[in-house]
Amino acid sequence: MKDAYLERMPKRSPSRGGKLTILLADDDEADCLLFQEALDELPIASQLTIVHNGEVLMKRLKKRGSLLPDVLFLDINMPRKNGFASLAEIKLSTRLQSLPVIIFSTASEEQMENIKINQVFKDAAHYYIRKPSKFSELKKVIYKVLKPIAEKNISLPSTKEKFVLTGRFKSPTT
């Protein structure tokens, strides 16, 4: 079942191959499956690749001659190399630092979440998404992030309030 706001939106395709290339780094299989299902229901042509830890992520991104994805969704809590270390490595690399990085993580304790948010905001991630519990909210928040990327119109949020997305908003333009 499609949400009404998604049905009103035109199908957008970025210039490279007609599909937005998305790399998801997340070790939780269930979250990866939900992400794929949400993506399949959005009006944006895309191709998803999934890696399950930070070491594989960084090898893939640093592989000589490889094309970078249009966007990276990065979980914080992963084995081998966590999202903090991966983000820091990405932002230190001249080749990778322009890659839009969206932190995609669960919130456990409020205080720990604030520490995470402060760190990844400082490290120049583009957004911090709290993984929503409702599928409809997941679709909305992914769409809110992907739409400007597909339109080649993404920039870093100016304030921390605009940086954190939860999926609880009324339309994709808010």
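The values are calculated or read from the model by the stated rules, or taken from the named source; none is laboratory data. Just so it is clear, the structure is predicted and the values come from calculations on it, not from any experiment. Please note: Cβ atoms are built from the backbone with ideal geometry, for glycine as well, and neighbour counts cover all protein chains shown.
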request  = Please give the helices (runs of 4 or more DSSP H) falling wholly within region 18-107 in which 2 or more residues are within 16 Å of residue 132 (Cα to Cα) and not hydroxyl-bearing (Ser, Thr, Tyr).
outcome  = 29-40
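For region 118-139, how many residues meet the condition of being buried (at least 17 other Cβ atoms within 10 Å of the Cβ), modelled with pLDDT of 60 or more and among the aliphatic types (A, V, I, L, M)?
To start, the set of residues in region 118-139 that are buried (at least 17 other Cβ atoms within 10 Å of the Cβ) comprises 119-121, 125-132, 137-139.
Going one step further and asking which of them are modelled with pLDDT of 60 or more, we end up with 119, 125-132, 137-139.
Narrowing further to those that are among the aliphatic types (A, V, I, L, M): 125, 129, 138.
Residues that pass the stated criteria total 3.
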query = Between a first residue in region 52-76 that is touching a residue at least 40 places away in the same chain (Cβ under 8 Å) and a second residue that is polar (S, T, N, Q) and surrounded by 21 or more Cβ atoms within 10 Å (Cβ to Cβ), which pairs have beta carbons less than 7 Å apart while being 6 or more apart in sequence or on different chains?
reply = 74/86; 75/105; 76/105
